[in-house]
């Protein structure tokens, strides 16, 4: 009897104000609506804006024993401090998506077979007209690489995770998810 089943452990990390917690909530909500088992655990420093921020999301076909992620399958790093903190933990064969607008290069030492995707998330978000959508650009790229759900599935859940006062940003956040996915495919 095989015990193999789908399980994806993700850490999304950056500094307060980059929408790290929102990105994690969106990923968790999208997975939950797709019928997966999900845990979501945010963590942020006392400073909030400008301080450290990360969240751990576990997506599985089976019940999840713990929300803690010590060795992620994937890391989405939005700033250099987060990359330095978490990159060495990525499992062999994992995925690293990093914001190349703020990070000049991937670390030299990664586990064997880690796929690296440098996404100029801030620059692409600025092109879309809203720098605050860099988190959605990164999530779109991640979703495209992992093929868990498409950017459209994530976009359908944006209204559930965004506070009503930000619903006017739904169109640009949707475009950011799509732009990230496009970048993951084309590299430009």
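Read-outs throughout are calculated quantities, based only on the coordinates presented, and are distinct from any laboratory measurement. Quick caveat: nothing in here was measured; it's all calculated off a predicted structure. Cβ coordinates were reconstructed from backbone atoms using ideal geometry, including for glycine residues, and neighbour counts include every protein chain displayed.
Between residue 61 and residue 186, residue separation times 0.36 nm minus the direct Cα-Cα distance comes to 42.0 nm. When the Kirkwood radius is taken over all Cα pairs of the range 1-106, what Stokes-Einstein diffusion coefficient follows at 10 °C and 1.306 mPa s, in µm²/s? Calculated translational D: 113 µm²/s. Segment residue 41..residue 104, full-extension length gain: 19.9 nm, with 0.36 nm per residue of separation and the alpha-carbon distance subtracted. With the helix formula -39500 (n - 2.57) applied to DSSP H stretches of n ≥ 4, the chain reaches a computed 222 nm mean residue ellipticity of -11500 deg cm²/dmol.
Extending 7 Å from the Cα toward the beta-carbon at both residue 123 and residue 89 defines two label points whose distance is 2.9 nm.
Dividing the convex hull volume of the alpha carbon atoms of the chain by its residue count gives 118 Å³ per residue. Here the simple spin-label model places points 7 Å from the Cα toward Cβ, and for residue 70 and residue 170 these points are separated by 4.2 nm. Stretching residue 160 away from residue 131 to a fully extended chain increases their span by 8.3 nm, per 0.36 nm per residue minus the current alpha-carbon distance.
Over all distinct Cα-Cα pairs of the range 105-146, the Kirkwood formula returns a hydrodynamic radius of 11.4 Å.
Give the percent of DSSP beta bridges with both residues in the chain that are antiparallel, rounded to the nearest 5. Approximately 55 percent, going by the DSSP bridge assignments.
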